[in-house]
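First the structure, in the form of structure tokens, and then the observations on it.
Values quoted throughout were computed directly from the atomic coordinates according to the rules given, and no laboratory measurement underlies them. All of these numbers come straight from a predicted model, not from anything done at the bench. Positions of Cβ are generated from backbone atoms using ideal geometry, with glycine treated the same way; all protein chains shown enter the neighbour counts.
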Amino acid sequence: MRSIRKKEDLLNLYENLRKEREKQGKFISVCVDTGCLATGSGAVFSALKEEIAKAGLNPEGEGVKKILRGTGSLGFDSENPVVVIYPEKIFYRKVRPGDAKYIVHKTLLNGEIIERLLYKDPETNEPIPYLDDIPFYKHQKRLLLANHGIIDPLSIEEYISIGGYQALLKALTEMEPPQIVEEVKKSKLRGRGGAGFPTGIKWEDAAKRDSDIKYVICNADEGDPGAYMDRSLLEGDPHSVVEGMIIGAYAVGASHGYIYVRREYPKALESATKAIEDAREAGLLGDNILGTGFSFDIEIARGGGAFVAGESTALMASIEGKPAEPHTKYIHATQAGLYSKPTVLNNVETWANVPIIINKGADWYGNIGTEKSKGTKIFSLVGAVKNSGLVEVPIGTTLREVIFDIGGGIASEKKFKAVQTGGPSGGVLPESLLDMPIDFDTLTKAGSMMGSGGMIIMDEHTCMVDVARYYIDFLSKESCGKCTPCREGLRQMLDILTRITQGEATMDDLDLLEELSYVVKDASLCGLGQTAPNPVLSTLKYFRDEYVAHVRDKHCPAGVCAALIEYEIIPEKCTGCLACKVRCPVGAIEGEKGEVHKIDPDKCIRCGICMEVCTFDAVRIK
């Protein structure tokens, strides 16, 4: 790609690439990000490539006119591997390599729709041919995910062909740094990494600092269980992040930037590295960008995978080559952050919003979201939900809309019980709060938080005490151990929760658990410890009856805690088929063939295999 040295170079390149793209006609899109590859999309992509070549076509196309594109995730992960044929947006789900020849010859070449590959409406069972008509997509507003499925994330030409780096051009040639800061402030963009701090205010503070060098950092150290929004953005549209960082650097006067990515994300590392290299080669990174005299460059910093490294001070310590341990924030990073220089740190999703705001304007952006929380938010919808995947909705959308209108409700027709938002440090919210709008302040008041955007759905067979125990176990292991309240407090909380699930706790332990939670929350050094008690406090608040049942009645209502459940066989349903007796690993089931079986509670280890293998529903929890 030729170097872009001035405004006219980028404008001419954009016009040429845009016209080439418009002449393209049909093309096939296949998601090839980490999640899609895990479901076999790589083999589907290879099969399609082979079939296109057999048909006498060049799957690579010419320039941006690719007939076959490997793209970022379209979000509907429960239907992967997904294939979409553009421009009609014909949506095929659960595609296999053997389907490639039919997709190429029937749909690509002849325009026929293959009905057996279509998504079916769950209520009418009618096939839905087009992506925009599928409920999962119809209720979303995809701004940050708009390019997923359309462009090859490893091609800077494709990003430019759809208007990429036009926001940078506008910022560098039509706006002064204070104007950019003011526009971001006016947009009311809040940081998407968890705390929700106003981005423009952070930039304004960094911009006014006098320093020989300033830094901007992209936090891509996404470690929440079940959360993969940042990874997917970086894999599917890395140039939007790079462009946002360059604009931010110009606004605050920074000359160097870092994208901090954990080593467990090889595809994200590949995409980010390629985007930086291509932007640098094109002249959009480095010295004298677009001939404006502004110089800025980015490099990759790799994280070791510690959960606490996502905390801002720990992350900067890691970049400096020190242990990823948090320290006190008496001085803000915008004054003295990385290498004690003014530093702006935002996460992947925050940076990707910046080009949209500059292109569309703060007034346009301000029409989306709530009064105090503008724009959209990406959530990873996982757990006991029918339609799992990445969901992008305006902030202020209700939990019910996300879980039921987009997510399709609870899988296996079970009853909804709770949703956890905000990752392992988030709160667990009950059914009574389903109509609550999702925004930073409302979630915090309810005892949870927005966090990075993880949303885990739980059904009636989920034990709230066990959920709290699981997250405190995770967080106690991920604590850096630097401060006593977090290090020792979480261990003691875990010990109490473990005793509750084993039927060994007393009612006094519940009071102690709650008191200890507030001590850890109030006295811990960093955000990990300060938010770690949220799962406990929220489940105590909304599901206290389950704790009482475990402690007082020695019973787990959800049938999860093995020490507090007992299996029995229903005589009227047992046929004496021997299936449970044969599979029981400890010989706890008695009875001959044709006879009603019985379970010896003294031998039973509560593994649940008997219930799983019984086809007559003759095994139940007492």
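Based on alpha-carbon centroids, what's the gap between the range 553-599 and the range 284-328 in Å, whole number please?
56
Please list, in chain and number order, the residues 5+ apart from Arg69 or on another chain whose amide H is under 5 Å from its amide H, with Hs placed from the backbone.
Amide H neighbours of Arg69: Ile28, Ser29, Val30.
Where does each of 598-608, 278-288 land if you order them by average Cβ count within 10 Å, highest first?
Packing proxy ranking, top to bottom: 278-288, 598-608.
Calculate the dipole size of the range 376-459 relative to its Cα centre from +1 charges on Lys and Arg beta carbons and -1 charges on Asp and Glu beta carbons; express the result in debye to the nearest 20.
Computed about the Cα centre, the dipole is about 200 debye.
Can you sort Tyr339, Tyr365 so the residue with the fewest Cβ neighbours within 10 Å comes first?
Fewest-to-most Cβ neighbours within 10 Å comes out as Tyr339, Tyr365.
Sum up the charges of everything whose Cβ sits under 14 Å from the Cβ of Ala314, counting Lys and Arg as +1 and Asp and Glu as -1, but leave Ala314 out.
Local charge sum for Ala314: -1.
Nearest 0.05, what FRET efficiency do Tyr518 and Lys101 give at R0 = 60 Å with Cβ-Cβ as r?
Computed FRET efficiency for Tyr518 and Lys101 comes out at 0.45.
Asp441 to Asp553: extension gain in nm, 0.36 nm per residue of separation minus the Cα-Cα distance?
36.6 nm
Which residues does a label at Trp364 reach in the range 387-408, if reach means a backbone N under 19 Å from a point 7 Å past the Cα toward the Cβ?
Taking a point 7 Å out along Cα→Cβ of Trp364, the residues of the range 387-408 whose backbone N falls under 19 Å are 393-395.
Putting +1 on Lys and Arg Cβ atoms and -1 on Asp and Glu Cβ atoms, find which of Pro323, Gly503, Gly163 reaches farthest to the positive end of the dipole of the chain.
Gly163
Charges at C-beta only: +1 for Lys and Arg, -1 for Asp and Glu. How large is the resulting dipole of the range 413-520 about its Cα centre, in Debye rounded to 20?
Taking the Cα centre of the range 413-520 as origin, the dipole is about 380 debye.
Between Arg544 and Ile570, what FRET efficiency follows from the Cβ-Cβ distance if R0 is 41 Å, with the result rounded to 0.05?
Given R0 = 41 Å and the Cβ-Cβ separation, E is 0.85.
Where does each of 127-140, 21-34, 349-362 land if you order them by average Cβ count within 10 Å, highest first?
Highest mean packing first, the order is 349-362, 21-34, 127-140.
Along the positive direction of the dipole of the chain (beta-carbon charges: Lys, Arg +1; Asp, Glu -1; about the Cα centre), which of Thr343, Asn58, Leu189 reaches farthest?
Asn58
Using a simple spin-label model with points 7 Å from Cα along the Cα→Cβ vector, what separation in nm is obtained for Ile605 and Glu320?
5.0
Rounded if a/c is under 1.5, else prolate if a/b is larger than b/c, else oblate: which is the chain, with a ≥ b ≥ c the root eigenvalues of its Cα gyration tensor?
In terms of gyration-tensor shape, oblate.
Give a residue-ordered list of calculated ³J(HN,Hα) values for the range 326-340 (Karplus: 6.51 cos²θ - 1.76 cosθ + 1.60, θ = phi - 60°; whole Hz; x for Gly, Pro).
Coupling constants for the range 326-340: x, 9, 4, 10, 5, 10, 5, 4, 5, 9, 8, x, 4, 6, 6 Hz.
Kindly point out, ordered by number, any Cys in the chain whose beta-carbon has no other cysteine beta-carbon under 4.7 Å away.
For the chain, the answer is Cys218, Cys463, Cys480, Cys483, Cys486, Cys526, Cys574, Cys577, Cys584, Cys604, Cys607, Cys614, because their Cβ atoms have no other cysteine Cβ under 4.7 Å.
Can you work out the FRET efficiency for the pair Lys7 and Ile201, with r the C-beta to C-beta distance and R0 = 25 Å, to the nearest 0.05?
The pair Lys7/Ile201 has a calculated efficiency of 0.25.
About the Cα centre of the chain, what is the dipole size in debye to 20, counting +1 per Lys and Arg Cβ and -1 per Asp and Glu Cβ, all else neutral?
700
From the phi of every residue in the range 598-604, what ³J(HN,Hα) in whole Hz does the Karplus formula 6.51 cos²θ - 1.76 cosθ + 1.60 yield, where θ is phi - 60° and glycine or proline is x?
9, 10, 7, x, 6, 8, 4
Can you list the HN-Hα couplings for the range 520-528, worked out from phi with the Karplus curve (6.51, -1.76, 1.60; θ = phi - 60°), rounded to whole Hz and with x for Gly and Pro?
Each residue of the range 520-528 in turn: 4, 5, 7, 10, 6, 6, 10, x, 4 Hz.
What distance in nm separates the simple spin-label points at Leu109 and Arg209, each placed 7 Å from Cα in the Cβ direction?
If labels sit at Leu109 and Arg209, their model points lie 6.1 nm apart.
Dipole of the range 477-622 (Lys/Arg Cβ +1, Asp/Glu Cβ -1, origin at the Cα centre): which of Thr575, Cys526, Ala549 lies farthest to the positive side?
Result: Cys526.
Report the extension gain between Asn58 and Lys593 in nm, rounded to one decimal, defined as 0.36 nm multiplied by the number of residues separating them, less their alpha carbon distance.
Value of the extension gain: 186.1 nm.
Output the peptides 102-112, 42-52 sorted from most to least packed, where packing is the average of other Cβ atoms within 10 Å over each peptide's residues.
So the peptides 102-112, 42-52, ranked by packing, come out 42-52, 102-112.
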